[in-house]
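Report on one structure; see the data block that follows.
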Amino acid sequence: MSASANVEVKVKEFSKEDPAKLAAFEKHVAEGGLVEPNDWMPEAYRALMLRMAEHHANSEIVGALPEGEWITKAPSLLRKLALTAKVQDEVGHGQMLYEVAQDLGKTRNAMLRDLITGVTKYHNCFNYPCPTWADVCMIAWLIDGAAILNQGTLAHGSFGPYIRTMRRINMEEAFHFKHGEDMVLTLMSGTENQKKMAQEAFDRWWGPALAFFGPVDPPDVMERPAMKWRMKTATNDELRQKYVNRFAPAAMATGLVVNVCEKDEKGFVTSATPDPLLKLDKETGNWGFTQPDWDEFFRVIRGDGPCNKERMALRRFSYEQGEWVRRAILNGATNAPCNN
Amino acid sequence: MSELDKQFHEAIVNVLLCVADDKLFLGHRNSDWTGIAPILEADIAFSSLAQDDIAHAGAFYELINSINGENPDQIAFGRNTSAYRCADIVTKDDEFNWANAIARQFYCNVYEYLRLQRLSNCTWSPLANLAKRIDAEQAIHVDHITTWMEHLGNGTEDSKERMQKALDDYAPYASMMFEAPRGIDTLFEGGILVNEGCLFTAWKDCVDNIVDGTGLTITVEPCTGDGGRTGNHDEDFTRSLNELQEVFNTDPLAAW
Ligand SMILES: [Fe+2]
Ligand SMILES: [Fe+2]
């Protein structure tokens, strides 16, 4: 599983930078040039890039948790191996991204601590429940599918270490997606019970998948640093539309129904009705769709989602139970930058 | 010899189940650490070992399939408690204590390495070949766990104490790895397997040798009584089995 780094990008301070240097930097970036860690960059660029990589790394690490809980329940040898390998990949993505962030000036240990104390965040979609095997299938298909789309554009960004990492990660995400697609197809060509499981899980994940790309674009999106400095190369709404264009017809082709759902506070669906806006506009080639529940989205981001507490408790448990091991391995140097 | 006389089928399947079930459940328990191990790099490495074990188990279930035609997933997921042949150390709850996981891994990995070495000398070539191939990978597992024993034994006072406690806690379970599989004498007498003497003694020499210089001690006794190898499993095993079968059992005939 993986995540877009939809960090808030409000920057006031970059007007302080040397105007000539800033202009040269912006020209370089606008022309498709890459920024390397030792190059001159606006402080705001460094801060945002660090936050973006850190948020992305956090998301990989926390994203390993909901699926990780299903490794021991995977129903065949092949699925067990594939799921373990996938979750392991996500941990590997986290490790690589923490390294990118670390080069921008924050130790891994500091990042892991900020994660468990709630100072920093991770991707919102991991705060939703994963109550059945079909949810594992949907996460790998819908959420990794969303991640591939998003990270495909991030791989054309401006920060060298980050985009190189994106390229490596995206190759693995493609496997995750294939594994997810195969699991969904298996369920949808299985028993009535399996199809029902799949539809219910799809209903739980379609909304979070749409919200995956972040809130609706503000009017000045192109002027904001993330786009202007090519940290991102596509806006949230562009990505969301592309996603619906690809996944709505794909879901329907398997026999799934794209519903608009209401959910209770535990993230379980209380009502589901077919999306009335789901129509192909022949002129634009775009599929219409109902926006995800943005009130719910912001409520979950603020920490009041179905699984925020559970995910953080497990992450904290993991950090704390490992403390003595890190101390032993690092001879007491728990703040050493590389191994925490 | 690639054809195995029918009179040995039952006994050889039993021996293969001992290996496959040990590997399946050790991998099963260890894979549960994926995403929450103490250090990211250790997490990734430990998960690879778990995946190896599950894949190795699969190869042994395939070999069983070549004898009796049973589907490997059905063998792995579809049996009742008493039909599993693993020693219960592999499913002993580690309570997400890394010292427990390392102690369990240490005892089991060295044992597996020696067992596979012996199975490599089997006169039935499909098993000899498989055991040889997997034992080469098992040697890497032993190297890996040896490094952990050295690091944690020689780490801090705290880490040494924790490791010693875990080694002691798991010692009685380690004994039960040496419970003889039913029918193994038939295989010795029939010249299918080679009796190379006491496996426990060989294992004890090997583990003592590894911990030498770490300040850790091994107090495992030879096996007595009946255990997992004859289908007498404890509660931790049953819990692991229930978890393993949870989704599978909702419809054992469905494709997943
Ligand atoms: Fe992924
Ligand atoms: Fe990922």
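Do you know which residues of the stretch B:73-95 lose at least 10 square angstrom of accessible area in the protein assembly compared with their chain on its own, with a 1.4 angstrom probe?
Those residues are B:Asp73, B:Phe77.
What's the local net charge at B:Gly58, with K and R +1, D and E -1, over the other residues with C-beta under 14 Å away?
Numbers: positive: A:Arg79, A:Lys80, B:Lys23, B:Arg133; negative: B:Asp21, B:Asp22, B:Asp52, B:Asp53, B:Glu62, B:Glu70, B:Asp73, B:Glu137.
The answer is -4.
What angle, in degrees between 0 and 90 and rounded to the nearest 10, separates the Cα long axis of helix B:9-31 from the longest principal axis of the Cα atoms of chain B?
For helix B:9-31, the angle is close to 30 degrees.
How much accessible surface area, in Å² rounded to 10, belongs to the heavy atoms of A:Tyr319 with a 1.4 Å probe?
10 Å²
Can you list the residues in the stretch A:65-92 whose accessible area drops by at least 30 Å² when all protein chains are present, compared with the chain alone? Use a 1.4 Å probe, heavy atoms only.
For the stretch A:65-92, once contacts with the other chains are taken into account, A:Ile71, A:Thr72, A:Lys73, A:Pro75, A:Ser76, A:Leu77, A:Lys80, A:Leu81, A:Thr84, A:Gln88, A:Val91 lose 30 Å² or more.
How big is the A/B interface in buried accessible area, both sides summed, 1.4 Å probe, to the nearest 100 Å²? Could you put the intermediate results ahead of the total?
Working: alone 15860 and 11780 Å², together 23750 Å².
It comes to approximately 3900 Å² buried between A and B.
Rank A:Val260, B:Val220 by accessible area, highest first, at a 1.4 Å probe radius?
A:Val260, B:Val220
Compute the helix-to-body angle for B:235-245: its Cα long axis versus the longest principal axis of chain B, expressed 0 to 90° and rounded to tens.
Value to nearest ten degrees: 60.
Using a 10 Å cut-off on Cβ to Cβ distances, tally the other chain neighbours for every residue of A:185-198 and report the average as a whole number.
2
Average partner chain C-beta neighbours within 10 Å, per residue of A:137-143?
On the way: counts 1, 0, 0, 0, 0, 0, 0.
Rounded to a whole number, the mean comes out at 0.
Which GluC sites (Glu not before Pro) in the stretch B:63-150 pass both tests, a DSSP loop state and at most 10 other beta-carbon atoms within 10 Å? Walk me through the intermediate numbers first.
Values: sites: B:Glu70, B:Glu95, B:Glu112, B:Glu137, B:Glu150; in loops: B:Glu70, B:Glu95.
Listed in order of number, the matching sites are B:Glu95.
Sorting check: for A:183-195, B:41-53, which peptide has the highest mean count of neighbouring beta carbons within 10 Å, and how do the rest follow?
Descending mean neighbour count gives B:41-53, A:183-195.
Taking a 23 Å limit on the Cα-Cα distance, which of the listed pairs A:Lys27/A:Lys232; B:Lys23/B:Lys132; A:Lys80/B:Lys92; A:Lys178/A:Lys242; A:Lys263/A:Lys309; A:Lys86/B:Lys92 fall beyond it?
Where the Cα-Cα span goes over 23 Å, the pairs concerned are A:Lys86/B:Lys92.
How large is the helix-only mean residue ellipticity at 222 nm for chain A, computed as the sum of -39500 (n - 2.57) over DSSP H runs with n ≥ 4, divided by its residue count, in deg cm²/dmol to the nearest 500?
Working: 13 runs with 189 residues, N = 340.
Helices in chain A give a 222 nm mean residue ellipticity of -18000 deg cm²/dmol.
Between beta-carbons, use under 14 Å as the cut-off and find the net charge around B:Ile192, counting Lys and Arg +1, Asp and Glu -1.
Numbers: positive: B:Lys6, B:Arg118; negative: B:Glu3, B:Asp5, B:Glu10, B:Asp185, B:Glu189, B:Glu196.
Taking every Cβ under 14 Å from that of B:Ile192, the sum is -4.
Are there any residues in the stretch B:26-40 with a reduction of at least 50 Å² in accessible surface when going from the isolated chain to the assembly of protein chains? Probe 1.4 Å, please list them by number.
Those residues are B:Thr34, B:Gly35, B:Ile36, B:Pro38, B:Ile39, B:Leu40.
Starting from the Cα gyration tensor of chain A, take the square roots of the eigenvalues, sort them a ≥ b ≥ c, and report rounded, prolate or oblate (rounded when a/c is under 1.5, otherwise prolate if a/b is larger than b/c, else oblate). Can you show the working numbers first?
Numbers: a/c = 1.90, a/b = 1.24, b/c = 1.52.
Cα axes put chain A in the oblate bin.
Ignore the peptide's own chain and count Cβ atoms of other chains within 10 Å of each Cβ in B:240-249; give me the average, rounded.
Whole-number average of other-chain Cβ neighbours for B:240-249 is 4.
Using a 1.4 Å probe over the heavy atoms of the protein chains, calculate the carbon and sulfur portion of the accessible area of the protein assembly as shown as a whole percent.
Values: 12470 of 23750 Å².
Whole-percent figure for carbon plus sulfur exposure: 53.
Mind checking the per residue accessible area of chain B for me, 1.4 Å probe, whole number of Å²?
39 Å²
The values are calculated or read from the model by the stated rules, or taken from the named source; none is laboratory data. Small disclaimer: the values here were computed from a predicted structure and weren't measured. No Cβ is skipped: glycine too gets one built from the backbone with ideal geometry, and neighbour counts run over all protein chains shown. Areas reflect the complete protein model, heavy atoms only, side chains present, ligands, DNA and RNA absent. Shrake-Rupley method; radii C 1.70, N 1.55, O 1.52, S 1.80 Å.
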